[in-house]
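One structure is given below, encoded as C-alpha cells.
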Amino acid sequence: MKDFWKRYSRNRGAVIGLVILAIVVVVAILAPLVFPQSPWRMVQRPFLPPLSMDQYPLGTDALGRDVMAGLAYGAQVSLLVGLVSTVAALLIGIPIGALAGYFGGWADDALMRFTEFFQTVPSFALAIVLVAIFQPSIYSIIAAIAIVSWPPVARLVRGEVLSLRSREYVEAAILSGQKSGTIIMRQVLPNTISPIIVLASLMVATAILLESSLSFLGLGDPNMMSWGYMIGAARTVIRQAWWLSFFPGVAILLTVLALNLIGEGLNDALNPRLARKGK
Amino acid sequence: MSNPVLSIRNLRIALPEGADREFAVDDVSYDLNKGEILCIVGESGSGKSMSANAMMGLLPDLVRPVGGEIMFDGIDLLTLSENQLMDLRGRRIAMIFQEPMSALNPLMRIEDQIAEVFEAHNLLSPKERSARALELLKEVGIPDPEKAMRAYPFQLSGGQRQRVMIAMALALEPEILIADEPTTALDVTTQAQILELIRELQKKHGMAVMFITHDFGVVAEIADRVAVMQYGRIVEAGTADEVLDNPSHDYTKKLIAAIPTLATDQAVAGIDKAPVLEVEGLCKTYVTGGGFLGRNPRVVKAVQNVSFTLAEGETLGIVGESGSGKSSVGRCLVRLMEPDEGMVRLGGHDMAKLKGEALREARKSIQMIFQDPYASLNPRSKIGRIIAEGPMAHGVSKGEAYANAERLLELVGLDASAIDRYPHEFSGGQRQRIGIARALALEPRVIIADEAVSALDVSIQAQVLDLLAELKERLNLALIFITHDLRVAAQICDRIAVMQKGEVVELGPAYDIFNNPKSGYTRSLIEAIPGREKDLAAVTVG
C-alpha cells in the first residue's frame, strides 16, 4: 500500500487530479450546510453579474437563482450519477466478460454478439432514447448511462480472462478439483482488478459528461440542479450573461480532467512495468 | 596470450536504488585475447551479461557504469558518445542474442536484413550487398541459401534463424563477437551444430569470442578460457581445463558438482511392482487454420499412438526436443487437453472417458508440477490458501487443510510460517517447492512434472531434484518426468521414453537408453549433449 502511494505520487498530474476531486467531493457533501435553501429558489434580481454582491459571488441566473448554490448542488448530482452508473456498468460488464473469456466456445460467441449489439448503437443516441422512454429522472439517467457504458468493460475483462485462464496456476486449480465458479472468483478475477480500476476511473468521467449532455438537452432530472442543466438553460443568454454557462462549464472541465489524471496515475501505480520511462 | 583485443579493468556498474545489491558488476577485470573463446559463466542475476552490455552501450536506463574502463584498441569504450559507439557496433564488435526470433525483424526478408548491416555503415553498392549476403549465408551453412535469402524469419527454424544472426554479425568481419546465451533457446541437437559453427568461424576469421552462458556443458564444449561470476564478481578465472577439472573456488566446485552426470544406475526400481497407470494408444491431433473456405488445414499430430505403463514408485522420463509432443502427453493424461483416442487407466477408471464430477474425483490421484515457478502460483493468493484450496474443494475442513499445508511446507523444506506470505516473497526454487507441496496436498499416486526444473539455475535444480527423489521414496509416488534435458533425465529416471514428432521412438531402462541406444534418433540426442566427453572422462577416471 505504501509502495502504491509512492508510485502514484510520482505522477504529479495524478496528485493534482486527486486534490481537485477531493475539493469537488467536499463541496458536494457540504452543499446542504452552506446553502440550506433550495438552489431553485429565487434570491436576488436576475442577471446579477459575478462579484457585484458579496453574498452571491458568482452572480444570479435568468430567474434570480444563486449560481454558486447551483454549482454546489450540481456537484452532488454529477458525482452520484458518475459513481452509481459506473458501478452498475461494472456489475453488468464484469460477469459477462468473465463468463465469455473463461468458457469460450459458444458461450463466448453468444455473449460477445450480445455485447456488440450494444456497441454498434451510438451510445449517446441510445441514452437519449432510453431516458426519453423511461421519463427523465435520476434513476432512469443512471440506468441509461450504465446500459450504454458496460460493453467496454465486458471486452476488457474478457481479454484479461482469456490470457489468465491459460496460466499455470489456473490449470493447477482445475487439477486440484476446484469448480469453475470458484476458479473464476478466486484465481482469475482478482488478477484483473488493476485494469478494471483504471478503466472505471475513466468511466466515471465519461458518465459525468453523458449526464451533463443529457441535462443540457433538457433530459435531466427536473428536481435536481445539475451542471448540464445550468449550461443548457443559459445558452440563450450566453452573450448577455457569460457567467451562467462559464462556471458550470469550468466545473465539468475540472472534474473530468481530474478523473482522467487520476486514471492515468492509477495506471502508472498499478501496472508499474507498463509505466512510461523517464519518471 | 599477450595481445588482448579487449581489456576490462576494475569495471563497476551501479544498480538503481532498492535493488538487491549495490553493484551489478563489482570491480571486474578480464582480458579477451585475439583468437580465443572466453566463456563468462554464472547463474541468473550474477551480472554475467552486464559487462558485455556496457561495452555495447546497451545498459538499461537506470543502470550505469560508475568506475573502471573497457579498453578496445586504445580507446575506453565507456567514454565514447552514442555516435562513436554506433560506428564501432557491428563493424568491429558484433553481438548475437538468445532469442533469434525477437532479434530479427519479422517483416523483412533475410536478404534485406543482412544488407541492412552494410547499409548502416554505408558500405558497398546494393548489388554487392546482396552478393555478400548470399556468401555469408553459405558460410554459416544454411541449407538452400538462395531460398533463404527470400525467406521471412518465421519461415526458418530456430537454428536457421540463429545462423542468420551469426551471418549478420560476421558481415563486417568484426574483431570481437559477443554471444549472449546464443544456444539457450535451441534444442540440444541444434545447439551442438551452432556451437560447432561458432567454433569453426572463430578459427577461420581469427576473431575473439566472448561467450556468455549459464551452462557448464556448453563451456566444456567451446571455451578456451573461463571466468565464473557470482554476485557481480569474478570468483574464478583460468583456462577451460583448469576451471572444469580442477576448480579452486568453492562456488565453482558447487556449480560443477550440481550438474547432473550422465552416469545411470543399472538397477531399475519398480519393475516387479503392479502398474498404477496404464496408457494405451493415446492420440491427439491438432487441426488449425485452413484459411478461407477451410482449404489446406494444418494438421499436427501432437501425440501418435503412445502407450506405456507406470509402476508404483517408478520414475518414467519422457524426453524429446521441442515439438516432440512430450508435454501434450502429460496434459492429455490429466485431461487439461482432450485426447482424441486412447485409454488412460488409473485406479480402475479410464481417465480419458470420465466427465464432470467423476473426472474431478479421479484427478485427485494424478497431480502436476508445472514449469514456470513464476506463472504457476496465483500472485494474489497467500501460500496457505494456494496449498489448501485443493483439499478444501474436495470437502476437507479449512482448519484441517491449513494444518496439512503447514506440514507439507515443512516436508518440502520450507518454514511453516510461509503459509501467510505471498508468492512474490519467494525465490524461483522456493516457489517450485511450493508447487510440489500443492501437488502433494491431494495425496496423489502419480505426479507429472512438466519441465519442473528447466527454469531453475543449476544449483537450485539439483536441490529440487533431490527433494523430488526423496519425496518419491517416502510417499511411494510414481513420477512422470517430462524434460528436454537428458542430463536431468539420466539423474532421476528409472525408465525413459524418447519422443520424436509425437511418437515414442524408444522406451527402456535409463541405463540401456544411455549406454546402448537402439534408435538412431536417441543416439543423435545423446551425442549432442554438451560437455559429454568431459563427463565420460570424469566417469572413467573417478
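Assuming residue B:206 fulfils every condition listed in (1) on the phi > 0 side of the Ramachandran plot; (2) out of contact with any Lys or Arg (no Cβ under 7 Å at 6 or more places or on another chain) apart from one, which condition is it?
(2)
Has region B:440-451 got at least one residue that is free of Cβ contacts under 8 Å to residues at least 60 places away in the same chain and either assigned to a strand (DSSP E or B) or acidic (Asp, Glu) (or both)?
The answer is no, given that none of the residues of region B:440-451 is free of Cβ contacts under 8 Å to residues at least 60 places away in the same chain and either assigned to a strand (DSSP E or B) or acidic (Asp, Glu) (or both).
Can residue B:425 be described as away from chain A (no Cβ under 12 Å) and within 28 Å of the chain's Cα centre (by Cα)?
Answer is yes for this residue.
Pull up region A:96-134, narrow it to residues that are crowded, with 20+ Cβ neighbours inside 10 Å and hydroxyl-bearing (Ser, Thr, Tyr), then point me to the one that is nearest to residue A:179 (Cα to Cα).
Filtering region A:96-134 for residues that are crowded, with 20+ Cβ neighbours inside 10 Å and hydroxyl-bearing (Ser, Thr, Tyr), the one nearest to residue A:179 (Cα to Cα) comes out as A:102.
Listed here are the residues, each with its yes/no results for (1) buried (at least 21 other Cβ atoms within 10 Å of the Cβ); (2) modelled with pLDDT of 90 or more; (3) away from chain A (no Cβ under 14 Å).
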| site | (1), (2), (3) |
| --- | --- |
| B:389 | yes, yes, no |
| B:397 | no, yes, yes |
| B:400 | no, yes, yes |
| B:409 | yes, yes, yes |
| B:452 | yes, no, no |
| B:457 | no, no, yes |
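For region B:490-498, does any single residue satisfy the condition of being surrounded by fewer than 19 Cβ atoms within 10 Å (Cβ to Cβ) and either within 14 Å of chain A (Cβ to nearest Cβ) or in contact (Cβ under 8 Å) with a residue 12 or more places away in the chain (or both)?
No, there is no match, as no residue in region B:490-498 is surrounded by fewer than 19 Cβ atoms within 10 Å (Cβ to Cβ) and either within 14 Å of chain A (Cβ to nearest Cβ) or in contact (Cβ under 8 Å) with a residue 12 or more places away in the chain (or both).
Identify all residues within region B:169-187 that are without any contact (Cβ under 8 Å) to a residue 60 or more places away in the chain and closer than 21 Å to residue B:130 by Cβ; write none if there are none.
Within region B:169-187, just B:173 meets the criteria.
Counting just the residues of region B:335-365 that are in contact with a Gly (Cβ under 8 Å, 6 or more places away or on another chain) and within 13 Å of another protein chain (Cβ to nearest Cβ), which one comes out surrounded by the most Cβ atoms within 10 Å (Cβ to Cβ)?
Taking the candidates together, the pick is B:363.
For region B:371-388, give me each residue that is in contact (Cβ under 8 Å) with a residue 24 or more places away in the chain and in a helix (DSSP H, G or I).
The answer is B:383, B:384, B:386, B:387, B:388.
Could you list, in sequence order, all residues of region A:94-131 that are closer than 24 Å to residue A:210 by Cα and not in a helix (DSSP H, G or I)?
Matches in region A:94-131: A:121, A:122.
Any residue in region A:144-160 that is within 14 Å of chain B (Cβ to nearest Cβ) and not in a loop (DSSP other than H, G, I, E, B)?
yes
Can you give me the ranges of the helices (runs of 4 or more DSSP H) entirely in region A:161-279 with at least 2 residues that are under 30 Å from residue B:362 (Cα atoms) and either modelled with pLDDT under 90 or of a type in the set (A, V, I, L, M, F, W, C) (or both)?
Filter on region A:161-279 gives A:168-175.
I'd like to know if region B:187-202 contains one or more residues that are assigned to a strand (DSSP E or B) and surrounded by fewer than 19 Cβ atoms within 10 Å (Cβ to Cβ).
Taking every residue of region B:187-202 in turn, none turns out to be assigned to a strand (DSSP E or B) and surrounded by fewer than 19 Cβ atoms within 10 Å (Cβ to Cβ).
Just give me the residues in region B:203-237 being more than 23 Å from residue B:20 (Cα to Cα) and part of a loop (DSSP other than H, G, I, E, B), in sequence order.
B:206, B:207, B:215, B:223, B:224
Given the criteria surrounded by 22 or more Cβ atoms within 10 Å (Cβ to Cβ) and without any contact (Cβ under 8 Å) to a residue 60 or more places away in the chain, does residue A:262 qualify?
The answer is no for residue A:262.
Say whether the condition of being in contact (Cβ under 8 Å) with a residue 40 or more places away in the chain and either closer than 25 Å to residue B:427 by Cα or assigned to a loop (DSSP other than H, G, I, E, B) (or both) is met by at least one residue in region B:74-86.
Looking for residues that are in contact (Cβ under 8 Å) with a residue 40 or more places away in the chain and either closer than 25 Å to residue B:427 by Cα or assigned to a loop (DSSP other than H, G, I, E, B) (or both), one finds none in region B:74-86, hence no.
The values are calculated or read from the model by the stated rules, or taken from the named source; none is laboratory data. In this text, all values refer to a predicted model and were calculated from it rather than measured experimentally. Positions of Cβ are generated from backbone atoms using ideal geometry, with glycine treated the same way; all protein chains shown enter the neighbour counts.
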